[in-house]
Amino acid sequence: MERTGVALSMGLPPRDIVECVRLAEELGYESAWMAEGHGGDQFSILTACAVATEKILLGTSITSVFVRTPPTIAMAAACVDHFSKGRFILGVGSSHRVQVEGEHGLVFGQPIARVRECVEIVRTLLREDRVSFKGEVYDIEGFDLWFKPYRKEIPVFVAAVFPKMLEVCGEMAQGTMLTSCTLDRARDAVEHVAAGARRAGRDPAEVEVSTLVRCGIGDDRERAADGMRPGLAMYAARFPRYRRMMMEAGFADEVQASRRAWEEGDQAKAQRLLPVELLDTIGIVGTAEHARSRTEQYREAGITLPIISPAVSGSDDPKAQVMEILRACAPG
């Protein structure tokens with residue numbers, strides 16, 4: 001059976017997420033990933049998933065290294081790992097200036113150094129039960145755990161978009177987490193991860209290359225795309241990294257037009273201006289058969305773990321629609 005993950009984020013309350021993760025386990029998905037953003041505390045939701053399941057791996061996609069301290073991340077990770085009996089994967093990333101500053105009121109700076117140091121601190125604390133650290137970003141006099149972690153080592157995935165962070169992933173992480181990438185970008189990412197791994201004396205094959213793949217399923221492609229448009233229109237308007245990715249996918253004029261409409265206050269128009277062809281280039285839009293074919297194309301491009309991310313914004317029954325997508329895209 002091919003290895004496939006599922007990622008859940010906006011649109012579902014915590015109880016429904018747990019039910020969807022239970023279904024994912026029944027359907028044979030290898031892992032379930034929980035975003036945060038505005039969707040609820042990912043660690044508490046994953047703990048609920050842990051006690052409701054038996055074998056599916058559980059991960060964060062991702063935890064921002066800006067909005068939590070490394071000791072806080074380490075303790076949260078250790079707790080989910082405890083309740084899941086060793087099934088947790090810690091996904092971390094730098095998030096975005098727009099979110100860190102505009103939504104949390106914090107200063108965004110030195111993202112690569114912060115990611116590197118945060119991962120080192122978390123790993124040291126789990127391994128040794130205590131950490132003291134002085135680096136470019138963090139200066140921790142001393143922090144110790146008052147409980148014994150289930151595991152001394154927890155796999156770490158690092159989110160990346162562009163070459164520098166991709167190579168950092170290859171140097172230090174068990175996995176790389178991409179999102180909304182084209183097949184060409186996936187191939188390029190694999191090469192940068194491999195370069196970082198080789199520079200650190202690692203075998204590139206040791207580094208998982210995963211990507212979140214937004215997915216809308218249906219015979220009517222335009223309707224299937226409707227669940228993806230709100231989130232991607234917001235990304236095109238607010239997040240420079242993702243806007244650049246969409247433009248480089250060959251849709252610069254459409255993305256800029258969508259951005260202008262958003263900034264003028266017409267979000268509905270901003271969504272309509274994103275063509276289904278763009279959405280199917282950076283995600284999956286179409287029938288279940290098309291979804292299976294596209295997922296296989298991601299594997300052929302070097303993605304070792306495709307992670308299906310059901311897109312159901314605006315749905316009258318988001319849980320039912322997520323479950324429909326899970327069934328359509330189930331590994332087999």
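The values are calculated or read from the model by the stated rules, or taken from the named source; none is laboratory data. As the structure is a prediction and not an experimental result, all values here were calculated from the model. Reconstructed Cβ throughout: ideal geometry from the backbone, glycine too, with neighbour counts over all protein chains shown.
Each row is one residue, and each column tells you yes or no for (1) surrounded by fewer than 21 Cβ atoms within 10 Å (Cβ to Cβ); (2) at pLDDT 95 or above; (3) not aromatic (F, W, Y).
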| site | (1), (2), (3) |
| --- | --- |
| R185 | yes, yes, yes |
| D188 | yes, yes, yes |
| V193 | no, yes, yes |
| A200 | yes, yes, yes |
| E208 | yes, yes, yes |
| L212 | no, yes, yes |
| G227 | no, no, yes |
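Could you count how many residues in the stretch 317-332 are touching a residue at least 12 places away in the same chain (Cβ under 8 Å) and part of a helix (DSSP H, G or I)?
Selection size over the stretch 317-332: 10.
Of all residues in the stretch 293-318, which are at negative phi, at pLDDT below 95 and more than 19 Å from the chain's Cα centre (by Cα)? It would help to see each step written out before you state the result.
The first filter runs over the stretch 293-318 and keeps only residues at negative phi, leaving 293-301, 303-313, 315-318.
Right, trim to at pLDDT below 95 and you get 311-313, 315-318.
Selection gives S315, D316, D317, P318.
With under 16 Å from L46 (Cβ atoms) and not polar (S, T, N, Q) as the only criterion, which of I112, I140, I121, I73 stands out?
I73
Is it true that C169 is part of a loop (DSSP other than H, G, I, E, B) and either crowded, with 21+ Cβ neighbours inside 10 Å or at pLDDT below 95 (or both)?
Spelling it out, it is not the case that C169 is part of a loop (DSSP other than H, G, I, E, B) and either crowded, with 21+ Cβ neighbours inside 10 Å or at pLDDT below 95 (or both).
Restricting attention to the stretch 217-247, report how many residues are over 26 Å from G102 (Cα atoms) and not small (G, A, S).
Matching residues across the stretch 217-247 total 7.
Which one is nearest to V193 (Cα to Cα) among residues in the stretch 229-252 that are surrounded by fewer than 17 Cβ atoms within 10 Å (Cβ to Cβ) and charged (D, E, K, R)?
Only one residue fits best here, namely R241.
Among the residues that make up the stretch 40-48, is at least one of them closer than 22 Å to M234 by Cβ, of a type outside the set (S, T, N, Q), assigned by TED's automatic domain parsing to the domain that holds I89 and free of Cβ contacts under 8 Å to residues at least 24 places away in the same chain?
Checking the stretch 40-48: at least one residue is closer than 22 Å to M234 by Cβ, of a type outside the set (S, T, N, Q), assigned by TED's automatic domain parsing to the domain that holds I89 and free of Cβ contacts under 8 Å to residues at least 24 places away in the same chain.
Hey, among V137, V131, V107, V65, which residue is more than 21 Å from the chain's Cα centre (by Cα) and crowded, with 21+ Cβ neighbours inside 10 Å?
V131
For the stretch 201-237, which residues satisfy the criterion of being outside any strand (DSSP E or B) and of a type in the set (V, I, T)?
V207 - this is the single residue of the stretch 201-237 that is outside any strand (DSSP E or B) and of a type in the set (V, I, T).
For the stretch 292-309, name all the residues that are within 18 Å of A7 (Cβ to Cβ), part of a helix (DSSP H, G or I) and either basic (K, R) or touching a helix residue (DSSP H, G or I) at 6+ places or on another chain (Cβ under 7 Å) (or both).
Residues satisfying the conditions are R292, R294, Y298, R299.
Looking only at residues in the stretch 12-43 that are among the aromatic types (F, W, Y) and not in a loop (DSSP other than H, G, I, E, B), which one is surrounded by the most Cβ atoms within 10 Å (Cβ to Cβ)?
W33
Only one of these conditions is not met by A288: (1) closer than 21 Å to S61 by Cα; (2) in contact with a strand residue (DSSP E or B) (Cβ under 8 Å, 6 or more places away or on another chain). Which number is it?
It fails just one condition, (1).
Counting only residues that are over 21 Å from the mean Cα position of the chain (by Cα) and not aliphatic (A, V, I, L, M), which one in the stretch 111-128 is surrounded by the most Cβ atoms within 10 Å (Cβ to Cβ)?
T124
Among the residues that make up the stretch 177-192, is at least one of them in contact with a Phe, Trp or Tyr (Cβ under 8 Å, 6 or more places away or on another chain), of a type in the set (A, V, I, L, M, F, W, C) and over 27 Å from M75 (Cβ atoms)?
Yes, the stretch 177-192 has at least one match.
Among the residues of the stretch 257-274, is there at least one that is among the hydroxyl-bearing types (S, T, Y) and either surrounded by fewer than 21 Cβ atoms within 10 Å (Cβ to Cβ) or in the same structural domain as V168 (by TED's automatic domain parsing) (or both)?
No, the stretch 257-274 has no match at all.
Can you pull out the residues in the stretch 84-117 that are more than 30 Å from A48 (Cβ to Cβ), in contact with an Asp or Glu (Cβ under 8 Å, 6 or more places away or on another chain) and without any contact (Cβ under 8 Å) to a residue 40 or more places away in the chain?
Answer for the stretch 84-117, where residues must be more than 30 Å from A48 (Cβ to Cβ), in contact with an Asp or Glu (Cβ under 8 Å, 6 or more places away or on another chain) and without any contact (Cβ under 8 Å) to a residue 40 or more places away in the chain: V107, Q110, A113.
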